[in-house]
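Data first, discussion second: the structure below is written as structure tokens.
A short reminder: the numbers here are calculations on the coordinates, not readings from a lab. Being a predicted model, the structure only gives us computed values, none of them experimental. Cβ atoms come from the backbone with ideal geometry, glycine included; neighbour counts cover every protein chain shown.
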Amino acid sequence: MANAKPKMQHRAKLMRTWPLLTPAVGVLLLWALVPLAMTLWFSFQRYNLVDPTISGFAGWSNYKFLVESPAFLASILNELVMVAAVLVITLVLGVAFAVLYDQEFPGRAIARLLVIGPFFVMPTVAALIWKNLLMDPVNGVFAYIARSLGFTPLDWFTHAPMAGEVMIVSWEWVPFATLILLTAMQSLDRQQIEAAKMDGARGPQILRYVILPHLSRPITIVMMMETIYLLAVFAEIFVTTSGGPGHATTTLTYLIYQKALVAFDVGGASAGGVIAVILANIVALFLIRSVARNVDL
Amino acid sequence: MCTLELKNLRKAYGNVEVIKGVDLTINDREFVVFVGPSGCGKSTLLRMIAGLEEISGGELLIDGVRVNQVPPDKRGLAMVFQSYALYPHMNVADNMAFALRLAGVPKAERDARVAVAAKTLQLDALLDRKPANLSGGQRQRVAIGRAIVRQPKAFLFDEPLSNLDAALRVQTRIEIAKLHNDLKSTMIYVTHDQIEAMTLADRIVVFNAGRIEQVGTPLELYHNPANLFVAGFIGSPKMNLIGAEVVQTDGSASMLKLEGGSGFAVPARLAPGAKVTLGLRPEHIELAPEGGLAGKVEVVEHLGNETIAYADIGAAQPLTVKLSSDAPVRLGETLHFALRGHAASLFDEQGQAIALPGT
């Protein structure tokens, strides 16, 4: 009985504001739901650009065909490996850079600018620079260093293609992690570090007991944001390995591209898209859970 | 046991010297308060003692051992920070036990020591709370508890009450005084509030612009300020400082002509024509039927227990007078003031005190 009145008030307020909210909510719904509905519809259609005569309801065959193809499982694993590896690398380096660039040293402003730099290089350009200038087994800088040290240069995209992709994508995303974590570092109360010093904490212990707990929330945010973008990585793969050799660097995103615009199988590609949405939601669920735990500090 | 010796201690940032040679000995179990206006270097000096700031020159000795290069935790001192600096993700008990945990003290002993400190500070019921769920006063007590648990040789307080509201400040001030009485350990306390300094200190050190102006017990500083700075800093309301010129010397007394034209006799033999500053405490001035200093009352503050009047005597600053609450003072009225006893102070042109008999 006690909360009947607030409930009524809440309902009345909703009635008043609903007409005002409708346009915004409506646009968002259309924006999100129309493409999703179209993808769902196509995923159950026979729809091949090469042969327009094949049409009609396909049932689950698009999904069956996709899931049973050898590339499918590999692409999901590749996707997860890449996201996980890049997340670990960018977070470790991001925390390291954030702590480092938070210190006073001459030329700090320039150093900060440089560490943010890769963020402004578009993915295609970044991947081409890495492929042709750095990782090329004949003319690349890495090959030169390896040779001058007496090692055989590694042909990255043949022998360690996934490691190569992870390196490029990590290079692009370290600045983002650094930027977010550096701003978080600047809000850390210096007296906490001093108090920890007085309490006998050395560098690693200050990191473990003061800095990392302080950064836990921004770290979760970086994880969330990066995951969203990393699940959709495409240009880097396209310009370096085209998903190969074999399926070694084919992610789900890239597989969908291959289905749609190499095999012209729109139905199969749509089925892949639906699975990608489900996969992204599963990953998001885990992340949101960890955020919820973190936010309730 | 903890004696601290500061020998010609200096601190410079680049070419800017902020501590310009401080010599001071702090005795065992003494409560010493560093006081001074903001930017005078008192906090920097405390941080140098703590080991949080490097020492640019001079020596710091704890119990006779030179500790200039010793890291903060090895000096055996505990510090209470102005912002409390509690670890936000740890509960009260973990905050207090953190130093012991790092030092590898077994859990049972840790818990016992935290329990003792918590009892002293009435934190028993709050041990499971996070700092975010505590009030300002409670956080302050946890910060003090964190220091106590370490059983340090000396406590360092860096303006610990400045984030508390007025009522809580008075209460916590009393608690800190009690704590010093119970623990009987050396304490160094930095503040810009001269009331905190006067009430807590065994000895007060007055700083100005990186130098010590005067060291002494609260009453020494109050009655015999060594110079104009200390005279103006200690006491509330501020001491009246009036420019004057010696016009006549007669035996052991001199006649001063104050700014604004009034005459004032002081019991000292001064060179005629010398420029001096006369210091009169507002609480040492009383109403006189006639003669003395005459001034028109400009502002009256009725505080209940006392009345403070500001009178224009023709000098640059109005004369501040502290009177009893029932004193017949009306705005715009011209009153006559006389000094109670011989409680005047006199300063020469360099601002140094001139000794007067009977003060």
| Residue that is farthest from residue A:282 (Cα to Cα), among those in region A:46-73 that are surrounded by 18 or more Cβ atoms within 10 Å (Cβ to Cβ) and aliphatic (A, V, I, L, M) | A:58
| message | Quick check on my filter: what residues within region A:151-169 are under 15 Å from the mean Cα position of the chain (by Cα) and buried (at least 22 other Cβ atoms within 10 Å of the Cβ)? | response | A:165, A:168, A:169
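Out of curiosity, is residue B:91 out of contact with any Cys (no Cβ under 7 Å at 6 or more places or on another chain), within 12 Å of another protein chain (Cβ to nearest Cβ) and of a type in the set (S, T, N, Q)? Please lay out each step first, then the result.
Numbers: out of contact with any Cys (no Cβ under 7 Å at 6 or more places or on another chain): yes; within 12 Å of another protein chain (Cβ to nearest Cβ): yes; of a type in the set (S, T, N, Q): yes.
Here the answer is yes, as residue B:91 does meet what is asked.
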| request: Being more than 18 Å from residue B:185 (Cβ to Cβ) and either aliphatic (A, V, I, L, M) or within 14 Å of another protein chain (Cβ to nearest Cβ) (or both) is the filter here, so list the residues in region B:61-73 that pass it. | output: B:70, B:71
| Of the numbered conditions (1) more than 10 Å from chain A (Cβ to nearest Cβ); (2) of a type outside the set (S, T, N, Q); (3) surrounded by 16 or more Cβ atoms within 10 Å (Cβ to Cβ); (4) in a loop (DSSP other than H, G, I, E, B), residue B:86 satisfies every one except a single condition; which is it? | (1)
| remark: Restricted to region B:1-38 and to residues being surrounded by 13 or more Cβ atoms within 10 Å (Cβ to Cβ) and among the hydroxyl-bearing types (Ser, Thr, Tyr), the residue farthest from residue B:76 (Cα to Cα) is B:25
| So which residues in region B:287-307 are within 19 Å of residue B:241 (Cα to Cα) and surrounded by 18 or more Cβ atoms within 10 Å (Cβ to Cβ), if there are any at all? | B:292, B:293, B:294, B:295, B:297
| query | Residues of region B:329-359 being under 20 Å from residue B:291 (Cβ atoms), of a type outside the set (D, E, K, R) and surrounded by 10 or more Cβ atoms within 10 Å (Cβ to Cβ), which ones? | reply | B:329, B:334, B:335, B:336, B:337, B:338, B:339, B:342, B:343, B:344
| field | Test: residue A:286 is of a type in the set (Phe, Trp, Tyr) and either touching a strand residue (DSSP E or B) at 6+ places or on another chain (Cβ under 9 Å) or surrounded by fewer than 15 Cβ atoms within 10 Å (Cβ to Cβ) (or both) | value | yes
| request: List the strands (runs of 3 or more DSSP E) that sit entirely inside region B:246-359 and contain at least 2 residues that are closer than 24 Å to residue B:230 by Cα. | output: B:253-258, B:263-266, B:275-280, B:285-288, B:306-312, B:319-324, B:334-339, B:344-347
| remark: Picked from region B:46-60 (must be farther than 20 Å from residue B:180 by Cβ and buried (at least 23 other Cβ atoms within 10 Å of the Cβ)), the residue farthest from the other protein chains (Cβ to nearest Cβ) is B:48
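For residue B:23, indicate whether it is within 13 Å of chain A (Cβ to nearest Cβ), of a type in the set (Asp, Glu) and not in a loop (DSSP other than H, G, I, E, B). It would help to see each step written out before you state the result.
Details: within 13 Å of chain A (Cβ to nearest Cβ): no; of a type in the set (Asp, Glu): yes; not in a loop (DSSP other than H, G, I, E, B): yes.
Judged against the criteria, residue B:23 is not a match.
Among the listed residues A:183, A:178, A:249, which satisfies the condition of being in a loop (DSSP other than H, G, I, E, B) and more than 13 Å from chain B (Cβ to nearest Cβ)? Break it down into steps so the answer makes sense when it comes.
Working: A:183 fails: in a loop (DSSP other than H, G, I, E, B); A:178 fails: in a loop (DSSP other than H, G, I, E, B).
Exactly one residue qualifies, and that residue is A:249.
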| Applying the selection to region A:189-225, what residues are of a type in the set (D, E, K, R), facing chain B (nearest Cβ under 7 Å) and either under 28 Å from the mean Cα position of the chain (by Cα) or in a loop (DSSP other than H, G, I, E, B) (or both)? | A:189, A:199
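Of all residues in region B:89-137, count the ones that are free of Cβ contacts under 8 Å to residues at least 60 places away in the same chain and assigned to a helix (DSSP H, G or I).
32
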